[in-house]
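Quick notes on the structure that follows.
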Amino acid sequence: VFSANAQEIPERKADHPPMMHHKQKGGPERHKAMKELNLTDAQKEQFKTEKDAFRKKMEELKKNDNITVKEWKAKKESLVKEHKAKMESVFTPEQKAKMEQRKKEGQAKQQDMMKQRAEKMKTQLGLTDDQSAKLEKSRQEMGDKMKAIRENKALTEEQKREQMRELGKKQKEN
């Protein structure tokens, strides 16, 4: 009886919304941005070809059991950089400018959202202006440190991720 009941799927009640699914990286915003770039058929084909080639290279790398984890990570990082460079080379200067503009708009929107969140947190927690200023200063310092880590060419992607994690832990403690 127990196993039979476990197989039953309860019906969704009308007042409950459907389950939410995780968003894919980029999601609809990414597709909208790509449409705005007005890619030619040739560019679309180049993207598809490069994406397929990259996927094959990654599958081959995943099958390779004769290398160390460190070598695997280095090869993966190299493949990702190569793939990114090839993908970016497909765009025209106008398309690159449009992408840069969208990126700046997105950063401005994110900054605005962060300010709104900080104000909401200040109100909900009853923070003083001094406490709020300290939090803002701490966030700004962390942003500067993260930018420095991202721009450091001497670090591998794995080292960057590890330093970002450590920075996040310190920020949480502060």
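The values are calculated or read from the model by the stated rules, or taken from the named source; none is laboratory data. Remember, predicted model here, so these are calculated numbers, not experimental data. For neighbour counting, all protein chains shown are included, and Cβ atoms are generated from backbone atoms with ideal geometry for every residue, glycine included. Side chains included, ligands, DNA and RNA excluded: accessible areas come from the protein's heavy atoms. Shrake-Rupley method; radii C 1.70, N 1.55, O 1.52, S 1.80 Å.
Observations on the structure shown:
- Cross-chain or 6+ apart pairs with Cβ under 9 Å, segment 112-124 first and under 17 Å from S138 (Cα atoms), then of a type in the set (S, T, N, Q) and surrounded by 11 or more Cβ atoms within 10 Å (Cβ to Cβ): A118/S132; E119/S132; M121/S132; K122/Q131; K122/S132
- Of everything listed in (1) more than 30 Å from T49 (Cβ to Cβ); (2) open to solvent by less than 60 Å² (accessible area, probe 1.4 Å), the single unmet condition for E77 is (1).
- Check on K75, among the basic types (K, R) and within 18 Å of T156 (Cα to Cα): yes
- Applying the set (1) at pLDDT below 90; (2) more than 30 Å from E82 (Cβ to Cβ) to Q116 leaves exactly one unmet item: (1).
- Single residue of segment 108-132 satisfying the filter (loosely packed, with under 12 Cβ neighbours inside 10 Å and small (G, A, S)) that is nearest to F47 (Cα to Cα): A108
- Cβ-Cβ under 6 Å pairs, at least 6 apart or on other chains, segment 72-84 side touching a residue at least 40 places away in the same chain (Cβ under 8 Å), far side assigned to a helix (DSSP H, G or I) and open to solvent by less than 70 Å² (accessible area, probe 1.4 Å): K73/E158
- Among the candidates E100, E151, E157, E141, the residue that is open to solvent by less than 80 Å² (accessible area, probe 1.4 Å), among the acidic types (D, E) and within 22 Å of the chain's Cα centre (by Cα) is uniquely E157.
- Test result for M34, modelled with pLDDT under 65 and over 19 Å from K81 (Cα atoms): no
- Among the criteria (1) surrounded by 12 or more Cβ atoms within 10 Å (Cβ to Cβ); (2) at pLDDT 90 or above, the one E105 does not fulfil is (1).
- Checked against (1) under 30 Å from G168 (Cα atoms); (2) more than 21 Å from the chain's Cα centre (by Cα), Q46 meets all criteria but (1).
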